[in-house]
Structure formats: structure tokens, C-alpha cells
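Here the structure is laid out as C-alpha cells; the discussion comes afterwards.
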Amino acid sequence: MGELLTVNMGPQHPSTHGVLYLELVLDGEIVVSCKPHLGYLHRSIEKIAENRTYTQFIPFTDRLDYLASMNNNLGFCLAVEKLLNIAVTPRAQYLRVIIAELNRVASHLVAIGTFAQDLGAYATPLFYAFSDREKIVELFDSICGSRLTYNYMRIGGVSGDIPAGTEEIIKDFIKYERKQLMEYNELLTYNVIFLARSKNIGILTKEQALNYSITGPMLRASGVKWDTRKEEPYLVYDKFDFDVPVGIVGDSWDRFKVKLDEIEQSLRIIEQAIGAIPEGNPVSKVNRVFRGTGETYMRTENPRGELGFYLVAEAGFNPYRCKIRSPSFSNLGVLEELVKGLNISDAVCVLGSLDIVMGEIDR
Amino acid sequence: MQNSEVLIQIKNRFPDLAVEETPNALVIPKTALLEVSTFLKSEMAFENCHCVTAVDRKDKMEVVYHLYSFLNHFMLTLKVIVTLDDLAVESVSCLCRSADWLERETFDLFGIRFVNHPDLRRIMNPDAWSDHPLRKDFKRADFIPRPQSQGLKG
């Protein structure tokens, strides 16, 4: 063993996906140990939750996983609805499913684009992915007037109905995106350089994944066929026909492929839902002020894994305690084990394939 | 599967243990935490430590574990009460690695010490800091809690 060298990667580094600081100990080019340091984006959102009413807290959930704001909104609203036993109209449920799945597609597109960028496929795949995502973002803009932090879901429904003509736009998008998916397969999935960079790098076994409570596409890439939408359906997911793509080895390539396949499955769900939206009012007639007692734990399938809200309510209009179990936080915990013994360039590949968002890790 | 079924199993295995059942959770004495969670993991398939957190009840603190069983599709909420003069509880990170970071987070935000934790450091706030921001009595000159909302007026 040669002389060990400590390298600080981050907090400002293009391939750490936000303000993550990795303390790497290197032997030549080999990573001997890797210590992640978190907290650069810590805003104590859980403390803020204790000082806001339930409705006031919804915009803060946008700032957790800012690439999948709709899904965070949804998770929180479902948790409050479970706590206070609020019923949601069928139209709102269908709209929520469509919006959440569209956001999942957008989020996975960013994941794929930035992962390719991390591997050195400079700019092209990223621009492809972002121009696809742009269509979804523009659609969300027309629905709720915002491009990144939507604040669209409400306790008991959504903030407003979708504008006329949205269904046509979504149908066109599905057609367009299916073509694009084939392009991604040609451009990246079976590209020789891409395979050489990502195949068999950072293998996460099934046992490790379960031991570290990994969730979402990362868990499925390790060969565990588990999707909350399928196994413990919430909203109306049990009415739709979709597959759960799984990986075989659990390497970086599998994690990429599972995300790509999930886009196709999300499109299938949207396609089925868009044809079956029931008529009605998407905003349930509920009180604007919520109060109740008790506690509940609700988890939903976010693009990055299972987002859980643990709400404890005492007398009063605010939650007494709101714990947010964020998927990226648990998924990042395994990084140290994955990168040990790899080249530093492969460590970047593994980190890219984890697809973390610092906003929900630091909270 | 229900909380009560788990309770019966625990009672059968540990007849002397004072287990309390609340509407959503099981509360066990903190001295028995490691024993009970080992039993839950090995014999009742609660192998996934999904979430660890704490709730400050002002006169005491609750450490809350969400354990999941893939086999039974059941999420168990397990609680341990710690008193303010002895904020320490046994770490379960030897049973499930995911508890490692979650316990560090709980230590950081609440100041609950996890005995036998492999690397108990603050995870988000600076190491030199002495405050625990999620405690109800957290006070700082630049932190002004909002008054409790009275709901909509008029």
C-alpha cells in the first residue's frame, strides 16, 4: 500500500448532485474509505412543520425532493388525510395519479441525463433528457402556474381542475416519449462505452439492500420485486395494469435501466388513467382548517424510493411532530460500502447511479 | 396482521415483559429493546428497520421505530420511553445497518444517545454545536417560534 491521500470532493463539485461533501481517502486512484458529510442544505423543515398548520406546510414539502415536488405534496397530503380520515373525490384521485406519474417521468429523465453526464457523455444526453422534461414542466406550469415548486396538491383534493386540452397534450407527450425512449436505448443503454463504464460497477446485493433499507428503483435494481404502488396500493393504483421492472445484478447499469423501464411503466399508467378520469369536482368539500389527534405513518412511492411521513397530532392546528423519512437519506447510507475499492472515477459513477437529491437528505 | 397479534407473540416469548398497547403502537421498556427487536427480526420477519425517530413529549421522550415485514406486509410501530435525566437507549444498528444513520440523525436533532452505536456523531449540524433543534424547549436568540395558529378568523 502506498501513501494514503485524503481528497475532499465537494461540497461544491459538479458530480456530487448538490452540496454533498465526500471525504475520500485514496491509495493512488483506489478509494480506501469514503465519509459523506451532510447538512449543507439543512433547513430543519421538521421544526418548521411544528410551527405551521397542515395546509401551510404543503409548500415546504416542495423543497424536499425538488425534482419530484408533486410526489412530495402527494405524500404529505395523503398522510394528513390518513390522520384526519378525509375522503377524496374519485376525480381528484385520478388527477393525482396522472400528475404524480408525470412528475416521476420528469424526475427519472433528470436522473438518466445527469448519470450519463457523470460518465462523461458530455451535454448531449443531458440536453435530450431536459428537453423531454421541459414538456412536462410546461404542462405543470399551465396546470398550477409554477415550474419547479408546484404546491398543487391540497388536503382533500388538488388546488384546481386541469385546464381544457390538457388530456390531448398528455396523450401527445406519451407518443413522443415512447419514441424518445427508443432513442435513449440506442444512445446510452447498449452503447459500448456506457456499458464499459457502468456494468458491474458498484454492485449492491439483495441482502445489503434490505439491510440498509434501500427503497425504490435502487432496491428493484438489486432484484427485489417491491413497489409500494403494487404491494400496498394507495390512491387508485390497484386499478391500473403495470409491471415492476427489476434488475439482475444490482450494478450501476441496472439502476439506470430500471429507471428507464419505469418511465415506460409510468406512461402506461398515465395512458390508462387519462382515459378513465371520472367527472366531478377535484376539490373535496372539506374544512379549510384541520385539527385532530393521533398519529399516523404514511409512505408513498417517490421516484427515489419510499417517502414516509410520520405525523403526530395533539390538540391544536399544527402537527406536534412531523418526521420525514426521505428515500435518498437511506439510499446514500450505503455509498461508503459500495465505493470501497473502486477507482475514483467509478465512485463518481456509483454516486450518479444512486440518484440522490440533497434537498431531502438534509431537509 | 395487527398490532395485537405481534403483542401476543411478544407476550408468549417474554412473559414478564410489561408491553403496553396504544392505538397505533407497542410500547416496550427500554431495557428490553435489543432483546425484543432481535426476536422480532429473527422470528417474526421484521427485518427492515424503516425509520427511527423520536418525539419530545416535554416530560419524557419517545424513541419510535418503524419496523417492516416484507413477509406479512405489515409496518410495526415500536416505541421506547426515555426519561429526560437518562437520554440513552441501546442502538439497534447491529441488527439493521439502516438504523446507523437514522440513529445519528435522532442523536443530532434530539440529543438521545444510542449506546454501542459504531459512530455516534452529529450528521447534519456542526460537531461543535451543543443544541438539539427539534426539542420543544429549543431556544436561540435568532429562533422565534410562531404563535400557535388559531385557525381562520371570520
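Read-outs: derived from the displayed coordinates by stated rules, not from any lab. Please read all numbers here as calculations on a predicted model, not as lab measurements. Here the Cβ positions follow ideal geometry from the backbone for every residue, glycine too, while neighbour counts run over all protein chains shown.
Helical runs assigned H by DSSP (4 residues or longer) give chain B a calculated mean residue ellipticity at 222 nm of -7000 deg cm²/dmol, each run adding -39500 (n - 2.57) before division by the residue total.
At a Cβ-Cβ separation cutoff of 4.7 angstrom, cysteine residues of the protein assembly as shown with no neighbouring cysteine are A:C34, A:C77, A:C144, A:C322, A:C349, B:C51, B:C94.
Over all residues in B:48-57, what is the mean tally of Cβ atoms on other chains that come within 10 Å of each residue's Cβ?
Working: counts 6, 4, 8, 12, 3, 10, 2, 6, 3, 4.
What the average comes to for B:48-57 is 6.
A DSSP coil position with no more than 13 other Cβ atoms inside 10 Å describes the following chymotrypsin sites (Phe, Trp or Tyr not before Pro) in the range B:105-150: B:W129. Counting every alpha-carbon pair across chain A, the share separated by more than 25 Å comes to 53%. In terms of Cα atoms, the Rg and Dmax of the range A:178-234 work out to 14.7, 40 Å. Relative to the 2.2 N^0.38 Å rule of thumb, the range A:1-128 has a C-alpha radius of gyration ratio of 1.44. Counts of other chain beta carbons within 10 angstrom of each beta carbon in peptide A:39-49 average 3. Secondary-structure-derived ellipticity at 222 nm for chain A, considering helices only, amounts to -14500 deg cm²/dmol, per-run term -39500 (n - 2.57) for DSSP H runs with n ≥ 4.
Net charge around A:V192, counting only other residues with Cβ within less than 15 Å of its Cβ (Lys, Arg = +1; Asp, Glu = -1)? Could the numbers behind the result be given before it?
Numbers: positive: A:R197, A:K199; negative: A:E186.
With Lys, Arg at +1 and Asp, Glu at -1, the neighbours total +1.
Considering only A:S353, A:N8, A:F242, the residue lying farthest towards the positive end of the dipole of chain A is A:F242, judged by Cα position with unit charges set on Cβ.
Annotation for the range A:247-293 versus the range A:203-237: alpha-carbon center distance of 16 Å. Taking the square roots of five times each eigenvalue of the Cα gyration tensor of the range A:82-183, the equivalent ellipsoid has semi-axes of 29, 15, 12 Å, listed largest first.
Once both labels are positioned 7 Å from their Cα atoms along Cα-to-Cβ, the gap between A:L195 and B:N12 label points is 5.3 nm. Taking the charge dipole of the range A:111-219 about its Cα centre, with +1 at Lys and Arg Cβ atoms and -1 at Asp and Glu Cβ atoms, the residue from A:G145, A:S213, A:Y190 reaching farthest to the positive side is A:S213.
The trypsin sites (Lys or Arg not before Pro) found in the range A:274-351 that occupy coil by DSSP, while having at most 15 further C-beta atoms within 10 Å, are A:K285, A:R288, A:K340. Other residues with beta-carbon under 14 Å from the beta-carbon of A:M358 carry, at +1 per Lys or Arg and -1 per Asp or Glu, a net charge of 0. For each pair in A:K47/B:K58; A:K323/B:K79; A:K175/A:K225; A:K179/A:K257; B:K30/B:K58; B:K58/B:K139, compute the distance between the two Cα atoms and list the pairs where it is over 20 Å. Over 20 Å apart, Cα to Cα: A:K175/A:K225. Seen from B:L95, the other residues with C-beta closer than 12 Å to its C-beta sum to a net charge of -3, counting Lys and Arg as +1 and Asp and Glu as -1. Measuring nothing but how far apart in sequence close Cα pairs (under 8 Å, 6+ apart) lie, relative to its length, the range A:17-172 scores a relative contact order of 22 percent.
Extending 7 Å from Cα along the Cβ direction at B:K136 and again at A:E264 yields two label points whose distance is 5.3 nm.
For A:E138 and A:K225, the difference between the fully extended length at 0.36 nm per residue and the C-alpha to C-alpha distance is 28.0 nm. Sequence-ordered 3J(HN,Hα) estimates for the range A:101-116 from the Karplus curve with 6.51, -1.76 and 1.60 and θ = phi - 60° stand at 6, 4, 5, 5, 4, 4, 5, 5, 4, 4, 4, 5, x, 6, 5, 5 Hz, glycine and proline given as x. For the range B:51-126 versus the range A:1-58, the spacing of their alpha-carbon centroids is 21 Å.
Taking A:E264, A:E314, A:E306 as the candidate residues, the one with maximal mean-square fluctuation in a Gaussian network model of chain A, Cα springs under 10 Å, is A:E314.
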